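Below is one structure; the comments refer to it alone.
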Ligand code: KG4
Ligand code: ZN
């Protein structure tokens, strides 16, 4: 058995987890800084870095304590090394390297996006590839086919293929920007989700961008919302929220289903903060039912940023590539290929 202590500090969550063999979560501690950033309407990088410095020690202690192990019981230490905010990433990576050095075990640098993909297996170890996965968060919107080979020995890198991504804003970013415009606060996704329950999703026919293509676009939709509200100042905010959400969900779920059809995927999988959206979850569940597939909608705790997913991806990475050198840095713009 390989026990990995994993750290995640790419944005505004300070997280540590202990994961066995990439699948069994023994502890997962997430300290959100959302209250620190709310009054600025978004994440302030310098505030995030400073908060990570203060929180990382206690969060690691909690993760080890909840798993009832000591640092000496750990077989490897992993940290998210990108993409994300440079100063924030450096806190987790520096802590991870230091702990690996002290414990005399390998350090593993993990791609945050790859980690979102592996989160699926944490809750559902029996998922049968290939899977069509949509990762939609404040920073990313990616459509990925995972595990086209069912051979467990195939290296992690070869187990996924990106088939679509956003050409402008990320889905969560669109929720946050529209919520801010509508005066609903930060983070915007949960606020729109809540208000949309009181509105009519068909009240306003907002555009569905790039039909027939796998890539996503949300900036035209955002502009359409602004234009509509400026032209119709008396429009019910709940109707605007519901109609905007319907347009986002239609685009996300429609492309996910199309990609699943093309790849012969067995299941539809959601990840990232936007996967907490109730309308998106309902639509993906319905699409899966209609096409005889499984829908895997992980609990929000696994969808939003956490360190358990870093531990899951680290286990695959360690098997595929071995340890990451201690002189490796961070990569704020690391992609998924
Ligand atoms: O994955 P995440 O926690 O952090 C990163 O961005 O990496 O995602 C946060 C994003 C925010 O944009 C937030 O507004 C959005 O996820 N979000 C939602 C919901 N809950 C969170 N968007 C729509 N509906 C929700 N219920
Ligand atoms: Zn994320």
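Tabulated results
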read-out: Within a Gaussian network of the chain (alpha carbon springs, distance under 10 Å), most fluctuating of 142, 117, 127; value: 127
read-out: Spin-label zone in the stretch 157-178 - amide nitrogen under 19 Å from a point set 7 Å from the Cα of residue 226 along the C-beta vector; value: 167-178
read-out: Calculated [θ] (222 nm, deg cm²/dmol) that DSSP helices of n ≥ 4 give over the chain, each run adding -39,500 (n - 2.57); value: -14000 deg cm²/dmol
read-out: Ratio Rg/Rh [Cα only; Rh per Kirkwood] for the stretch 27-147; value: 0.99
read-out: Degrees, to the nearest 10: 171-181 long Cα axis against longest axis of the chain; value: 50 degrees
read-out: Highest-fluctuation residue, 212, 311, 271 considered, GNM on the chain with Cα pairs under 10 Å; value: 212
read-out: Relative counts (whole %) of C-alpha pair distances in the stretch 219-337, using bins that are 10 Å wide; value: 11, 28, 30, 21, 8, 2
read-out: Value of relative contact order over the stretch 35-156, rounded to a whole percent, pairs C-alpha under 8 Å and six or more apart; value: 18 percent
read-out: Taking the C-alpha atoms of the stretch 73-219, convex hull volume expressed per residue in Å³; value: 174 Å³
read-out: Nearest 10 degrees, 0 to 90: helix 219-231 Cα axis against the chain principal axis; value: 40 degrees
read-out: Bridge type composition, the chain - antiparallel percent by DSSP, nearest 5; value: 60 percent
read-out: Folded to 0 to 90 degrees: helix 45-66 orientation relative to the chain principal axis, Cα; value: 60 degrees
read-out: Rel. contact order, % - alpha carbon contacts under 8 angstrom, at least six apart, the stretch 122-258; value: 23 percent
read-out: Packing-based exposure ordering (other Cβ within 10 Å, fewest first) of 167, 240; value: 167, 240
read-out: Among 159, 231, 293: highest mean-square fluctuation, GNM of the chain, C-alpha pairs under 10 Å; value: 231
read-out: Contact order normalised by residue count of the chain, Cα under 8 Å, 6+ apart, percent; value: 25 percent
read-out: Alpha-carbon centroid distance for the pair the stretch 25-64 / the stretch 251-273, whole angstrom; value: 31 Å
read-out: When the convex hull of its Cα atoms is projected in every direction, mean area for the chain (nm²); value: 16.1 nm²
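Read-outs: derived from the displayed coordinates by stated rules, not from any lab. Worth saying up front: this structure is predicted, and the values here are computed from it rather than measured. Using ideal geometry, Cβ is built from the backbone for each residue, glycine included, and neighbour counts are taken over all protein chains shown.
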